[in-house]
Ligand code: HEC
């Protein structure tokens, strides 16, 4: 056994440390084996490289699905404000259905005075940039709602009402957890 393994070791040494052009043709099988191993390794590595972006894309998707937690000063107060915004929104919708311009103006003004940024109790620079942008869009379109209600322009009012609803939904998709 000993001599056998020693002989093997010797053989290995001569195979690896003597350049192939000295070893002669009978060593060519070794060169072929090395080339095949190299090809297999390159193939395996390239396969891994192909898989990696897929994996990364999958992980990004997972991250997109997980909703970021906003740094609320007080979540209960935030929810209370959201619910009263929801009340104004529903009252405005009812007033539009009834074509009650006084009601429309009152609830449009109430929505305009709401602010998703202020609701959090945090400063703009403490909140995600995208959240602040949604808040800006919200202010822009609730102001347009008030203007339409003062001018009594039903077409513009309906258009802006849809715009505001879209912003509520956009923000909820991004920041409202499914279970809340
Ligand atoms: C800029 C972001 C943003 C906008 C715009 C926004 N919301 Fe929300 N809203 C939230 C977040 C975040 C929550 C989830 C709070 C939580 O974790 O419970 C929420 C929760 C709510 C809730 C549930 C409150 C509760 O008791 O759990 C209601 C109702 C609601 N929003 C109504 C509205 C309506 C109606 C509008 C549009 C007129 C609107 N929101 C616009 C961010 C927004």
Label residue 90 and residue 130 with points 7 Å out from Cα along Cα→Cβ: what is the distance between them in nm?
-> 2.9 nm
Multiply the residue separation of residue 172 and residue 33 by 0.36 nm, subtract the distance between their alpha-carbon atoms, and state the gained length in nm to one decimal.
-> 44.0 nm
Once a ≥ b ≥ c are taken as the square roots of the eigenvalues of the Cα gyration tensor of region 75-175, is the result rounded (a/c under 1.5), prolate (a/b larger than b/c) or oblate (a/b not larger than b/c)?
-> prolate
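Read-outs: derived from the displayed coordinates by stated rules, not from any lab. Keep in mind that what you see is a predicted model, and the values were worked out from it rather than measured. Cβ atoms come from the backbone with ideal geometry, glycine included; neighbour counts cover every protein chain shown.
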